[in-house]
Amino acid sequence: MSSFFALLSRMRHISRWGLMRGQRENLQEHAAMTAILAHALAVIRRDALGLPGPCPDAAASAALFHDAAEILTGDLPTPVKYFGPEIRDAYRRVEAAAAERLCAMLPQAIRPVYRPLLTGGGDADVQAVVKAADKLAAYLKCVEELAAGNTEFTGAADNTLAKLRAMQRPEVDYFLEHFSAGFGGCLDELTGGAEGG
């Protein structure tokens with residue numbers, strides 16, 4: 001018997017943004033949003049911008065699993081994770097070992113499908129879109145918190161937006177221009193006042 005999928009279901013118990021005051025977000029919620037955004041970025045790249053890029057479905061699948069190793073490692077706060085090169089590199093090794101441990105829980109016949117999803121291996125174009133979607137998900141979380149009046153996320157929003165811009169990915173710029181403002185809106189604004197009492 002394998003505990004792989006049972007462990008994946010526990011992603012909902014791993015909290016993100018541990019040092020920040022605000023609406024709690026768990027790893028499962030983050031993975032789902034990152035998958036939605038990775039799919040969107042791949043579609044935008046291909047269909048709106050006419051640029052080569054990964055299959056949207058492949059990007060979404062990779063995004064669903066991009067932080068799965070944190071089931072075993074937990075989510076280390078960003079200031080700690082990136083405190084210095086030694087800590088960053090050590091944490092990457094711990095995450096890689098955790099991903100391999102998860103993969104080893106799977107039956108041999110299906111490991112080849114899941115290994116690149118768990119380890120971040122596989123297609124470089126897919127991984128680039130997932131990385132952008134992951135950063136975009138963090139930025140949009142900040143936008144939502146700021147819209148709710150939580151100034152705790154001001155610095156994180158500025159820092160994350162600067163990192164997004166530095167990626168120089170046209171699909172990210174397109175998303176920010178066309179879709180990001182809605183994340184700061186209230187429900188009536190998003191639905192055109194369709195929500196009734």
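The values are calculated or read from the model by the stated rules, or taken from the named source; none is laboratory data. Nothing here was measured: the structure is a model prediction, and the numbers come from that model. Backbone-built Cβ (ideal geometry, glycine too); neighbour counts: all protein chains shown.
The table that follows gives values for the structure above.
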read-out: Among the candidates GLU177, GLU86, GLU171, residue that is exposed (fewer than 14 other Cβ atoms within 10 Å of the Cβ) and either closer than 22 Å to VAL43 by Cβ or touching a strand residue (DSSP E or B) at 6+ places or on another chain (Cβ under 8 Å) (or both); value: GLU177
read-out: Evaluation of ALA147 against (1) over 25 Å from ASP57 (Cα atoms); (2) without any contact (Cβ under 8 Å) to a residue 24 or more places away in the chain (one fails), failing number; value: (2)
read-out: Which numbered condition LEU102 misses (of (1) buried (at least 19 other Cβ atoms within 10 Å of the Cβ); (2) under 17 Å from the mean Cα position of the chain (by Cα)); value: (2)
read-out: Residue pairs meeting the criteria (Cβ under 9 Å; at least 6 apart or on separate chains; first acidic (Asp, Glu), in segment 55-80; second at pLDDT 80 or above and part of a loop (DSSP other than H, G, I, E, B)); value: ASP67/ILE14; GLU70/ILE14; ASP75/ILE14; ASP75/ASP67
read-out: Looking only at segment 1-44, and only at residues there that are within 18 Å of the chain's Cα centre (by Cα) and of a type in the set (D, E, K, R), the one that is modelled with the lowest pLDDT; value: ARG16
read-out: Residues located in segment 147-178, provided they are modelled with pLDDT under 95 and not polar (S, T, N, Q); value: ALA147, ALA148, GLY149, GLU152, PHE153, GLY155, ALA156, ALA157
read-out: Hits in segment 5-53 (condition: within 22 Å of ARG111 (Cα to Cα), in contact (Cβ under 8 Å) with a residue 60 or more places away in the chain and crowded, with 20+ Cβ neighbours inside 10 Å); value: MET11, ALA35
read-out: Selection from segment 14-59 of residues that are over 26 Å from GLY121 (Cβ atoms) and not charged (D, E, K, R); value: SER15, TRP17, GLY18, LEU19, MET20, GLY22, GLN23, ALA48, LEU49, GLY50
